[in-house]
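Coordinate-derived values only; no laboratory data. Bear in mind the structure is a predicted one, so any value in this text is a computation, not a measurement. Because the Cβ atoms are built from the backbone with ideal geometry, glycine has one as well, and the counts that use them run over all protein chains shown.
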Amino acid sequence: MKKISFYIIIVLVFTNHVFSQVKSKSVDIIFGEEIKEARSSNLESILGYDETGLYVMKTEGGGAFSSGQDCFIEHFDNKMNQTKSEELIIEDKNGEERDYEFIVHMNNTLYVFSSFENKKTDKVTLYAQTINKKTLRPNNDARRIAEINYAEKGSGSFGDFEYNISKDQTKLMIHYLLPAKKKEKEKIALIVLDKELGLLWEKKATFPYMEELFEDERYRVDNDGNAYILGIVFKEKKLAKRKGKPNYKYQLICYKDKGETYQEYPIELSGKFITDMQIAINDKNDIVCGGFYSNVGTFSINGSYFLTVSGVNGEIISKSFKEFDLKFITQNMTEREANKAKKKEEKGKDVELFEYDLDNIILRDDGGAILVGEQFYVEIYTYTTQYGTTTSYHYNYNDIIVININPEGQIEWAKKIPKEQESVNDGGTYSSYAMSVFGDKLFFIFNDNPKNLSNTGDGKLKNYNPNRESIVVMVAMDGEGQFKKEALYKMKRSDILIRPKLSSQISDDEMIVFGKKGKMQQFTKMIYK
């Protein structure tokens with residue numbers, strides 16, 4: 001799942017011979033140099049951006065941050081050319097190496113978080129220290145942030161330090177699970193810091209749910225430092241179903257007043273099954289919830305919903321639903337698939353879309369919001385021959401759904417952007433979409449089959465294949481849901497490929513894009529106009 005504060009994900013690939021083909025009236029593009037790296041080198045995250053340029057984290061060798069993997073912090077100037085690359089080595093004063101956890105960019109400062117496990121004391125300690133932006137090396141100013149005592153950890157899971165940053169970038173929340181024995185209730189720790197990592201409050205708490213029946217889905221911290229946890233409470237075994245109906249409910253947990261005030265709100269829709277939910281905190285500290293629902297109790301979807309919950313008393317301020325009509329559901333289907341859906345509806349049965357995930361809630365300045373989701377699923381095929389058994393994984397990233405909510409909290413319209421991407425045994429590396437917000441428009445960029453350029457939803461699409469000739473397209477959608485697709489450029493098999501899941505919107509009008517093919521990598525800056 002993807003999120004927005006606003007974070008953007010987009011990937012593009014450019015090579016010198018196609019630069020002149022970019023003639024979009026919506027964006028100017030600055031292409032960085034192509035860099036030859038080890039084949040195992042890969043971008044892990046875009047860390048931050050300042051007046052000098054871009055900071056990123058790359059890895060080389062092995063799996064991400066696994067044994068044998070080297071981590072590098074790199075800087076790129078405003079023309080997207082690399083100026084420095086430094087291996088990240090985190091050691092204490094005695095030369096003892098610590099494990100990398102994550103890096104955040106706040107208050108124009110890079111902070112690296114690392115942990116050290118002391119097996120003699122059965123404790124894991126989390127540290128934070130600044131990074132010198134000129135040398136890209138950690139400064140000698142490490143401070144202790146948290147500590148886990150796992151001497152009696154039992155069979156439950158613990159650890160995995162994670163973080164969330166407030167919308168105004170002034171609060172950082174660190175959260176992690178505490179050790180719990182089997183049949184004990186779930187235990188967590190919350191630490192809220194200011195933009196200079198000064199401690200505002202911390203709390204170790206026990207949820208009123210058994211560890212095996214509770215799943216924390218999302219954490220948020222608001223501009224005032226209040227903490228919010230969206231969880232799923234199961235009636236029986238996690239992910240189990242009873243008579244085809246989901247065996248769970250969503251629960252929102254809040255810690256306010258520096259962790260002293262506990263509030264809990266069930267998020268339910270009468271007669272409907274919530275299949276997916278995202279939350280955001282608006283400027284009034286009200287909780288915004290949105291997602292998809294089903295009428296039949298499976299993980300298909302029949303419509304979307306939107307709720308605004310008061311941050312003061314938990315009362316619902318606004319609530320709206322929108323059921324998808326048959327025309328919307330059958331868009332991009334083959335004639336046979338569409339006729340089958342129509343006959344099903346004529347018999348009084350529910351016709352629903354399947355395997356859609358809600359990626360983002362975008363809070364607008366006027367009090368409205370936009371929900372964005374995508375169809376994603378994996379098909380597994382196993383073949384048995386005289387030479388043995390072979391399994392292949394087909395990654396499907398298809399249509400994008402965009403839902404607009406007005407300032408009164410009512411759903412005004414839902415639109416579907418046609419897209420079909422199926423690839424095999426690659427994790428969907430070059431699939432999905434990148435999104436950015438500029439003014440009153442949304443921009444979506446993704447790899448596409450050239451034959452789909454003129455298709456706006458009428459008829460079946462041609463599948464995009466990263467191993468064949470393709471084009472990079474941009475879809476611009478206005479505030480009324482009207483959209484236009486244009487080709488940014490055409491690519492050959494030898495070109496660097498865009499990776500839509502590895503990019504970031506760094507300002508109101510700038511997007512950073514990453515591309516890779518084999519040993520070649522490249523950053524690109526898109527400037528909206």
- Task: Compute the FRET efficiency between residue 143 and residue 355 as 1/(1 + (r/R0)^6), taking r as their Cβ-Cβ distance and R0 = 35 Å, and round to the nearest 0.05.
- Result: 0.20
- The computed P(r) of the chain puts the percent of Cα pairs beyond 44 Å at 17 percent
- Query: What pairs in 93/185; 322/342; 185/284 have C-alpha atoms more than 29 Å from each other?
  - Reply: 93/185; 185/284
- Item | Cα coordinate range in segment 424-467, projected on the principal axes (Å, largest first) | 37, 27, 13
- Query: Which lysines, on any chain, are close to residue 133 with Cα under 19 Å apart, when same-chain ones fewer than 8 places away are left out?
  - Reply: 58, 79, 84, 195
- Item | With 5 Å bins from 0: P(r) over segment 69-183, alpha-carbon pairs, percent | 2, 10, 18, 20, 18, 15, 9, 5, 2, 1, 0, 0
- Measure up 25/501; 181/204; 183/272; 485/516 against 19 Å on the Cα-Cα distance and list the ones that go over. 25/501; 183/272; 485/516
- For residue 195, enumerate residues with amide H under 5 Å from its amide H, sequence gap 5+ or separate chain, H modeled in the peptide plane. none
- Task: Please name which of 498, 436, 514 has its Cα lying farthest along the dipole of the chain towards the positive end, using unit charges on Cβ (Lys, Arg +1; Asp, Glu -1) and the Cα centre as origin.
- Result: 498
- Per-residue HN-Hα couplings for segment 25-34 [Karplus 6.51, -1.76, 1.60; θ = phi - 60°; Hz; x = Gly/Pro]: 7, 9, 9, 9, 10, 10, 9, x, 5, 7
- Message: Taking the Cα centroid of segment 160-178 and of segment 81-157, what is the distance between the two, rounded to the nearest whole Å?
- Response: 15 Å
- Please give the length that would be gained between residue 120 and residue 84 if that part of the chain were fully extended, namely 0.36 nm times their separation in residues minus their C-alpha to C-alpha distance (nm, one decimal). 9.1 nm
- Quick one: putting +1 on the C-beta of Lys and Arg, -1 on the C-beta of Asp and Glu, what dipole do you get for segment 16-528 around its Cα centre, in Debye to the nearest 20? 1540 debye
- Give me 527, 46, 370 ranked fewest to most by other Cβ atoms within 10 Å of their Cβ, as a rough exposure proxy. 527, 370, 46
- Any aspartates and glutamates whose Cα falls less than 14 Å from that of residue 340, other than same-chain ones fewer than 8 residues away, would be 350, 352
- Cα centroid distance between segment 275-310 and segment 394-462, in Å? 20 Å
- Item | Segment residue 39-residue 468, length gained on full extension (0.36 nm per residue, minus Cα span) | 152.4 nm
- Mean separation of Cα pairs under 8 Å and 6+ residues apart, divided by the residue count of the chain: what relative contact order is that in percent? 15 percent
- Item | Cα gyration tensor shape for segment 320-422, rounded if a/c is under 1.5, else prolate or oblate | oblate
